[in-house]
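Working notes for the structure below.
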Amino acid sequence: MLTKIHHVGVVVHNADEAMKFYRDALGLKVTADRVIEDQGVRGVLLEIGGSEIELLEPTREDTGVAKFLATRGEGMHHICFESDDVDAELDGARAKGIELIDQKPRLGLAGMICFLHPKSNHGVLVEFATPVKDGHGH
């Protein structure tokens, strides 16, 4: 079951520069800052209430995030909904005919994650996440 908006992903050229706004000007607390090598991004999570902003800085040019930045520029990339069972959410989306990017959940910065294709979601890239208890996703 979807329980809340976990985070909103924002693509940036430089996460350190973006933190001057989100962390320094707005006062949001950084809860995670690390490079996810297999996705070619540096992800920075900043807490706001019960949700987060995720800054995504490409670390390679051959990734979806890098291509998004090159074609669309900085800005909102995706919205992530938290679920207690990301596998069930993915199965439910598949059964409803929603186009999927991920055929099965994988480990990401927010826990176990999967993405739904924006073609099925009115142009918005949608992520489902189930935080795991080993330090990922809080």
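The values are calculated or read from the model by the stated rules, or taken from the named source; none is laboratory data. Please read these numbers as outputs of a predicted model, since none were measured by experiment. With ideal geometry, Cβ positions are generated from the backbone for all residues, glycine too; neighbour counts draw on all protein chains shown. For the accessible areas, the whole protein counts, side chains as well, though only heavy atoms, and no ligand, DNA or RNA atoms are used. Shrake-Rupley method; radii C 1.70, N 1.55, O 1.52, S 1.80 Å.
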Between helix 86-95 and the chain: long-axis angle, C-alpha atoms, 0 to 90°, nearest 10: 60
Accessible area (Å², per residue) of region 7-58, counting only protein heavy atoms and a probe of 1.4 Å: 47
Under 20 Å from K67, Cα to Cα: lysines that are on another chain or at least 8 residues apart: K119
Under-5 Å amide H pairs with M112, H placed in peptide plane, nonlocal only: T130, V132
L100 long-range amide H proximity, modeled H, under 5 Å: H117
Efficiency of FRET between N14 and E99 - r from beta-carbon atoms, R0 30 angstrom, step 0.05: 0.40
Volume in Å³ per residue [convex hull over Cα atoms, computed for the chain]: 106
Distance from region 10-25 to region 78-95 (C-alpha centre basis), Å: 28
Average Cα contact separation per residue, the chain, under 8 Å, 6 or more apart, as relative contact order %: 24
Accessible-area composition of the chain, carbon plus sulfur, in percent [1.4 Å probe]: 54
Region 39-44 - phi-based ³J(HN,Hα) in whole Hz, Karplus 6.51/-1.76/1.60, Gly and Pro as x: 9, x, 9, 9, x, 10
Per-residue ³J(HN,Hα) for region 68-83, Karplus 6.51 cos²θ - 1.76 cosθ + 1.60, θ = phi - 60°, Hz, x for Gly and Pro: 4, 4, 5, 8, 10, x, 5, x, 4, 10, 7, 10, 10, 9, 7, 9
Cleavage-rule hits (trypsin sites (Lys or Arg not before Pro)) in region 56-85: DSSP loop, at most 14 neighbouring Cβ within 10 angstrom: R60
25 Å Cα-Cα reach of K29 towards lysines, excluding residues that sit fewer than 8 places from it in its own chain: K4, K20, K133
